[in-house]
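Below is one structure; the comments refer to it alone.
The values are calculated or read from the model by the stated rules, or taken from the named source; none is laboratory data. Not measured: the values here are computed from a predicted model. Neighbour counts run over all protein chains shown; Cβ positions are idealised from the backbone, glycine included. For the accessible areas, the whole protein counts, side chains as well, though only heavy atoms, and no ligand, DNA or RNA atoms are used. Shrake-Rupley method; radii C 1.70, N 1.55, O 1.52, S 1.80 Å.
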2 protein chains.
Amino acid sequence: MNREAPNAGAVYAASLTPLDEALNINHERLSQHVRWLLANGCDGVALMGTTGEANSFSVGERKAAVEAVLDAGIAPDRLIVGTGCCAIPETVELTNHALKCGVHDVLMLPPFYYKEVSDEGIFAAFDQVMQHVGSRLCRIYLYHFPHMSAVPFSDDLVGRLLEAFPVAGMKDSSGDYAHMVRMVRMFPKLKVFTGTERYLLDVLKAGGAGCITATVNVTCRKASRLANAWHGAHATAIQEELTQVRTAIEQFPMIAALKSIMGQQSGDEYWYNMRPPNVPLSAVQAAALHTALRTCTI
Amino acid sequence: MNREAPNAGAVYAASLTPLDEALNINHERLSQHVRWLLANGCDGVALMGTTGEANSFSVGERKAAVEAVLDAGIAPDRLIVGTGCCAIPETVELTNHALKCGVHDVLMLPPFYYKEVSDEGIFAAFDQVMQHVGSRLCRIYLYHFPHMSAVPFSDDLVGRLLEAFPVAGMKDSSGDYAHMVRMVRMFPKLKVFTGTERYLLDVLKAGGAGCITATVNVTCRKASRLANAWHGAHATAIQEELTQVRTAIEQFPMIAALKSIMGQQSGDEYWYNMRPPNVPLSAVQAAALHTALRTCTI
């Protein structure tokens, strides 16, 4: 944490992953982006989350990306690495790899192919993973994203996982503020991060830890100001600005919209590259996005 | 095809994957099961589909299982291998591996992590895959399973894929008979396989190819009789028996229920093993299933 104020919230970007023209990860650009995020208000960066197109990359590509960022000099304690796959051996491999690289914070989706699985089944999956994870230094962040994974963590399951395993926190991408507050109240030990900075101020007031969000790729300075000053007189005004940006971006496919903004801001064409099934915004969408953003302060 | 009658339908089992106590694939048992299915009425076997718990295995485990079955003497032209992953490089790797092993029929899920992706995005994913697949001998079966993948193939997309790539057929696991008939009518070149033998007779009458189903793991002889004799006087009666079995099994988690039946029929404990997040039936569920099946003829 690099916050100035006591009780400051923590702001993490769920980093975008820049690709080259062949749609492979551009390690140099990724490292530059992570460095820029950390220099512009982020306490840390979540690599290989949904926004990072993690599930469009092979296990080998994911490991290579993490290594590249660390080789570029980013401190491992500034990273959370997404490691949750459908298959337990792949979650184990990515988690052990992160730990070997010195990254102790891992963001775990539940196995997400099979639907309507029981709490018992998801618990058993985490149990299997942790039986094969070599290090006791691992800190798990549960990645609750029902809309995308279609496999939610029930309240009861969160409690069981917290009791049995080194669960440190949750990225709550439900978009459901009531759920975030319930997590904070039910599980005082759980660091709850909202997955949308729409609720950053509210979650901090409720006792949550901060945010890990996609939009912070472009709003890191503003989100950081809010996290530092959320007790202050300007907090509501900053939150309103953040919410306005989020609202504008949410009208479009999120990852493509963020890459479009980065592309326009930087003038670098590579930002527009996306690996299918995700695709760049159309010219019409991009124009509409940039019109919508004109009334916002990023 | 080993059918006796002209215009006979094709029956494929979506094979279960037997596991050892450590929840790794038991290659010997898997090969035995595939051989048993082929000896008991199946025209072919789909390996590494949903029923085969494919997405609970690493790429390496999936490749090793296919090799083991082939090494056990199963003819490659009797197999369809599931190769569709979230990440294009993994779909490419599994597809090229199947082709190298002499298996030309591959069952492809669309990339299934990202939701509400565009037809354009799914098309682009298939395009990327096929650009990297080495062989022109590949025959793609689209795996349409909206309930599990949460990424359906739209009618329009099926037409585009059929035109652009060597798409031979579809496993239609929508459970929606109207969809199956629409596929048959809209796309005469597409071999449409129902994913539930509840509609086997209807799909054959409508001009479909047959079935690729989970339940055929235990109903292969009966499904085969129907596929051979679907023009005959007894077809409706056989269909009713198949539907009755399917209805009984569908009340329970499908894969666990089928493994429970196999375990009870064979007396072999290993059949009960499942890799999380899937878990075996509870004792209460197993008892209820076997009670329900007592009124059926399998």
Practice item. Filter the stretch A:74-114 for residues that are over 22 Å from B:Arg275 (Cα atoms), open to solvent by 20 Å² or more (accessible area, probe 1.4 Å) and charged (D, E, K, R) and give the result. Key: A:Asp77, A:Arg78, A:Lys100
Study note, to complete from the structure: Taking the stretch A:52-66 and keeping only residues that are open to solvent by 10 Å² or more (accessible area, probe 1.4 Å) and not charged (D, E, K, R), one is left with A:Asn55, A:Ser58, A:Val59, A:Gly60, A:Ala64
Practice item. With the condition kept exactly as written, say whether any residue in the stretch B:228-243 is within 14 Å of chain A (Cβ to nearest Cβ) and surrounded by 23 or more Cβ atoms within 10 Å (Cβ to Cβ). Key: no
Check your understanding: Which residues, taken from the stretch A:250-268, are part of a helix (DSSP H, G or I) and without any contact (Cβ under 8 Å) to a residue 40 or more places away in the chain?
Key -> A:Glu250, A:Ala256, A:Ala257, A:Ser260, A:Gly263, A:Gln264, A:Ser266
Review point. For the subset of the stretch A:148-171 comprising residues that are under 15 Å from the mean Cα position of the chain (by Cα) and free of Cβ contacts under 8 Å to residues at least 60 places away in the same chain, which member is surrounded by the most Cβ atoms within 10 Å (Cβ to Cβ)?
Key: A:Met170
Point to revise | Residue in the stretch B:172-197 that is nearest to B:Leu226 (Cα to Cα), counting only those that are open to solvent by 40 Å² or more (accessible area, probe 1.4 Å) and among the charged types (D, E, K, R) | key: B:Lys191
Point to revise | A:Leu23, sole failed condition from (1) surrounded by fewer than 24 Cβ atoms within 10 Å (Cβ to Cβ); (2) at negative phi | key: (2)
Review point. Of the residues that make up the stretch B:283-298, is at least one closer than 21 Å to B:Arg35 by Cβ and at pLDDT below 95?
Key: yes
Revision key, fill the gap. Filtering the stretch A:26-47 down to residues that are open to solvent by 10 Å² or more (accessible area, probe 1.4 Å), under 23 Å from A:Pro280 (Cβ atoms) and in contact with a strand residue (DSSP E or B) (Cβ under 7 Å, 6 or more places away or on another chain) yields A:Asn26
Revision key, fill the gap. Within the stretch A:70-114, restricting to residues that are among the aliphatic types (A, V, I, L, M) and touching a residue at least 60 places away in the same chain (Cβ under 8 Å), the one that is farthest from the other protein chains (Cβ to nearest Cβ) is A:Ile80
Review point. Are any residues in the stretch B:41-69 of a type outside the set (Asp, Glu), within 9 Å of chain A (Cβ to nearest Cβ) and touching a residue at least 60 places away in the same chain (Cβ under 8 Å), and if so, which ones?
Key: B:Thr50, B:Ser56, B:Phe57
Point to revise | Residue ID - least open to solvent (accessible area, probe 1.4 Å), chosen from residues in the stretch B:269-283 that are farther than 25 Å from A:Pro110 by Cβ and touching a residue at least 12 places away in the same chain (Cβ under 8 Å) | key: B:Trp271
Review point. Just a yes or no: is a residue in the stretch B:260-280 touching a helix residue (DSSP H, G or I) at 6+ places or on another chain (Cβ under 9 Å), among the acidic types (Asp, Glu) and more than 23 Å from B:Gly175 (Cβ to Cβ)?
Key: yes
Check your understanding: When you go through B:Val133, B:Val129, B:Val117 one by one, which is the residue that is within 14 Å of chain A (Cβ to nearest Cβ), touching a residue at least 40 places away in the same chain (Cβ under 8 Å), among the β-branched types (Val, Ile, Thr) and buried (at least 19 other Cβ atoms within 10 Å of the Cβ)?
Key -> B:Val129
